[in-house]
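Structure first, commentary second.
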Amino acid sequence: MAESELSPSFFIRLNDGAESAATEVDTRYREKLCALVQQELSRRLAGRLDPEDIVQPALRSFFRGIDKKGWNIVSEEALWGLLVKITRSKIRKSVETHSADKRAFAREVPCGECVLVSREPAPEDAAIAADLVEETVRELDPPGPEIFRLRLEGHSMSQIALMTDQTAVRVRITLNRIRDRLRRLLSATAAE
């Protein structure tokens, strides 16, 4: 199948919620959506947000719409148009969030005026982080722990894919699940 053509069977799989179709959407459109976000974010906001921070929830909303709302996508133009519309909506929400009074750019202190006491976390913060990482790794199936370890060491997703003999999409999905798990654990820890 050519890069620009999607088969009718793809749209049937997509509308039925097949993981293979979801993976193909992710593979074909994630980078294009990240480029769109990068192009449309102001330079100041781009310094605060990674395009992935907007694209990931946009893709999640897209798949939720197909699954829960029964959206029926029948063409590549409709697919791309809907992905762009959802992504632009996420961009607007991020701009609103980061322009709110608590997060307004005017409240930011330029680096020249801030004082860094230490680059190292406080001992109690380091202990909490170590516990969260340990608890997260304990619940992962292989190759999750290895993917997590390599990411913590600073390897890129493509490097991790090569090192673990996984696809880049599988590495991204695993890391997203780990991130979601860490957020839940961190929220539970903060609530205690």
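Every number in this text was worked out from the coordinates using simple rules, so none of it is lab data. Just so you know, these numbers come straight off a predicted model, no measurement behind them. So basically every Cβ, Gly included, is an ideal-geometry build from the backbone, and we count neighbours across all protein chains shown.
Quick look at the values:
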| read-out | value |
| --- | --- |
| Which listed residue is touching a Pro at 6+ places or on another chain (Cβ under 9 Å), assigned to a helix (DSSP H, G or I), surrounded by 13 or more Cβ atoms within 10 Å (Cβ to Cβ) and not small (Gly, Ala, Ser), from 38, 56 | 38 |
| Residue 151 in contact (Cβ under 8 Å) with a residue 40 or more places away in the chain, closer than 23 Å to residue 53 by Cβ and out of contact with any Lys or Arg (no Cβ under 6 Å at 6 or more places or on another chain) | no |
